[in-house]
Each structure stands twice: as C-alpha cells, then as structure tokens.
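Visitor: My questions all concern the structure below.
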Amino acid sequence: MSTVDDLVAEVLAGRHGPDPAGIAATSVFWVHHGTRLAGGDTTYRNQYVLARVGTAFGACAFAEGDADPAVCANYSGAPVARLLTEAPAPVRVAALDAYLGSVRPHRTSDAERVVLPVGTPEERARARDAAVAGLLDVPAGAKVALIGVVNPLVAAIRERGAECLPCDLSLKTTQWGDPVTPDMRDVLGVADAVVATGMTIGNGTFDEILRSCRSREIPLIVYAQTASAVARHFLGEGVTALSAEPFPFSQFSADETALYRYRART
C-alpha cells in the first residue's frame, strides 16, 4: 500500500475488516470554531466534518468551500461504502478514519496513551504539542519542517534544540514573526525531519510528503486530529511516528483527554 487511495480501495475490497457496504455511518456532523490563545495574535479558524461508525469517530479538517453543511443530512445513516465513493473529499476521509478506528480503536491498541491534564486552552495546547515534539528523535540543530503550523508546536520543536521550518497554507508568520512558506516543497527538500498535520491527508498533500520522506530516508512524524486512524496505516511505510488524537479533541474540553503515540517498529 503506497497511497491513501490505495488504502480506500483495500477497505472497499474488505481487506481491513467487515464489508463497508454493510456498515452505516450513524452520524455525520459539522464543527466550525475559532480559537485565539492567550499571548498570541493568530485566530485559528477550523472547520471539521466528522462521522461516527460504531464506537469510533472519524474526522477531517477542511478549507472553506471544500464541503457544506448539507453533507450532514445527505450522508448520516448511509453505508460507509457510499461515503467512500460518492461523498466530498472531507467526508470520504472522515468516513475512512471512522471505519478504521472502529475496526481497531486507538484505546485498545498498543500505542502509548498520553493523558492531557485538566487546564486552560493554553496549558492543554502546550501539553499536547510537547507530546508531539517528544516523538522527534533528531540532534540539536536539525532542521524540522513543520507542515501545518500551530505556535505551541513551533515552540516545542525549538525547545528540543531543533530549527523549525514552518509551512502553512493560511498563516503568513509565526507568533514570533518567523515567515511561513505556503509551499511545502520549500521545506521538504532541506529538512532533516518532517512533522506534518493529519490535515495533509484531507487536502491531498500527504502522498507527496510521504514519497519525499521515503525517498530521502528522513523521519516523518504525523500529528493527527484529522485522519488519525488513516495515518496509523502508514507506520513503517514512511511514517516513523504518530500522535493520534481522536475526537473529542483537546480544544473542546477542559478535562483530561487522551492522545495516543505510536512509533514504527524497526
């Protein structure tokens, strides 16, 4: 398996669990929210479409215009196979994520469970991003491409002694004024390691990132609210480590929540 489309084809062929034509996505729903952390001047505007399959929720963050709220009525209760073949791209990714998460839940996997503490949004964001940065195994001074910028993760990478190369389609600068490139090719070719958000699966750029890291034989760490169970299937196939954060995400609660850290077996 080498691409996300290959994985979809395998799921539709029944190679990863029960026939998705016989399993319903009980609920498809939409979340649109904004966040500005204390001390920052960036307002993150996030939209997610989510699907529930059995005991699992799948998620996909998406850009304005890539889906609309009508998907909630159009696909709630429909077979997973229909979502995987007919729905807009964000719904397809959320359905794939939910299906794979239902077949193999994060909570019963062999991943390292990391509990994020009770706290403010800032405290929980710092704890989450420190957990992501903890998956980095690079020497001091290494160049780390960050594809999908959140400021606490920029700080966490730097705290590990690495140089952060930020890339994002929306942000122009980091909280500290560092320029952010919108073109991931600017950073993929020079990085010693890559940290990429799961949203790259949703926007179709993940396969190129995966190919680049495979060909250059550099580590690829994925931090995923979007498509965390999808990214897990690429562990050892280009992805070296994964921070999987299934719904409900840390920003939606002040109480303890968990994320799951995976490392590829060598």
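Visitor: So which GluC sites (Glu not before Pro) in segment 86-194 pass both tests, a DSSP loop state and at most 11 other Cβ atoms within 10 Å of the Cβ?
Guide: Of the GluC sites (Glu not before Pro), not one in the loops of segment 86-194 has a Cβ with at most 11 other Cβ atoms within 10 Å.
Visitor: Further, regarding this structure: When the chain is fully extended, how far beyond the present Cα-Cα distance does ASP19 get from LEU169, taking 0.36 nm per residue of separation?
Guide: Length difference between fully extended and current span is 50.4 nm.
Visitor: Calculate how many DSSP beta bridges within the chain are antiparallel, expressed in % of all such bridges and rounded to the nearest 5.
Guide: Given both bridge residues lie in the chain, the antiparallel proportion sits at roughly 60 percent.
Visitor: Related question: So for VAL138, VAL144, what's the accessible-area order with a 1.4 Å probe, most first?
Guide: VAL138, VAL144
Visitor: OK, next. Take every Cα pair under 8 Å in the chain that's 6+ residues apart, average their separations, divide by the length, and report that relative contact order as a whole percent.
Guide: 18 percent
Visitor: Related question: How much area per residue is accessible in segment 185-266 when the probe is 1.4 Å and only protein heavy atoms are counted (Å²)?
Guide: Heavy-atom SASA per residue in segment 185-266 reads 39 Å².
Visitor: Which of GLY161, THR257, THR85 sits farthest toward the positive end of the charge dipole of the chain, with +1 on the Cβ of Lys and Arg and -1 on the Cβ of Asp and Glu?
Guide: Positive-most Cα among the choices belongs to THR257.
Visitor: Same structure, new question: Counting only the backbone N, which residues of segment 115-131 are under 13 Å from the spot 7 Å out from the Cα of ALA254 toward its beta-carbon?
Guide: Backbone N within reach: 118-124.
Visitor: So how tilted is helix 206-216 from the main axis of the chain? Cα-based, degrees 0 to 90, rounded to 10.
Guide: 50 degrees
Visitor: Further question: Rg (Å, one decimal) plus Dmax (Å, integer) for the alpha carbons of segment 145-202?
Guide: Taking only Cα atoms of segment 145-202, I get Rg and Dmax of 10.4, 30 Å.
Visitor: Work out which trypsin sites (Lys or Arg not before Pro) in the chain are exposed loop sites (DSSP not H, G, I, E or B, at most 15 other Cβ within 10 Å) and give the longest gap free of them.
Guide: Within the chain, the longest run free of exposed trypsin sites (Lys or Arg not before Pro) spans 37-171.
Visitor: Diagonalise the Cα gyration tensor of segment 94-166 and give the resulting equivalent ellipsoid semi-axes, square root of 5 times each eigenvalue, largest first, whole Å.
Guide: 26, 16, 13
Visitor: May I ask you to derive the relative contact order of segment 59-173, considering only C-alpha pairs under 8 Å and at least 6 residues apart, and to give it as an integer percent?
Guide: About 17 percent, as a whole number.
Visitor: Still on this structure, please answer the following. Carbon and sulfur together cover what percent of the accessible area of the chain at a 1.4 Å probe radius?
Guide: Roughly 50 percent of what the probe reaches on the chain is carbon or sulfur.
Visitor: Could you give the angle, 0 to 90 degrees to the nearest 10, between helix 121-133's Cα long axis and the longest principal axis of the Cα atoms of the chain?
Guide: The two axes meet at around 90 degrees.
Visitor: Roughly how far apart, in whole Å, are the Cα centres of segment 129-184 and segment 69-98?
Guide: Value for the Cα centre distance between the two parts: 32 Å.
Visitor: Right, something else. Mean shadow of segment 161-256, computed from the convex hull of its alpha carbons, in nm²?
Guide: Projected area, direction-averaged: 7.2 nm².
Visitor: For Cα pairs less than 8 Å apart in space and 6+ apart in sequence, what is the mean separation divided by the residue count of segment 13-119, i.e. the relative contact order in percent?
Guide: 29 percent
Visitor: For GLU256, GLU10, GLU217, give the ranking by accessible area with the largest first, probe 1.4 Å.
Guide: Final ranking, largest accessible area leading: GLU217, GLU256, GLU10.
The values are calculated or read from the model by the stated rules, or taken from the named source; none is laboratory data. No experiment lies behind these values; they were computed from the predicted model shown. Reconstructed Cβ throughout: ideal geometry from the backbone, glycine too, with neighbour counts over all protein chains shown. Ligands, DNA and RNA are stripped out before the accessible areas are found, and what is left, the full protein with its side chains, is counted by its heavy atoms. Shrake-Rupley method; radii C 1.70, N 1.55, O 1.52, S 1.80 Å.
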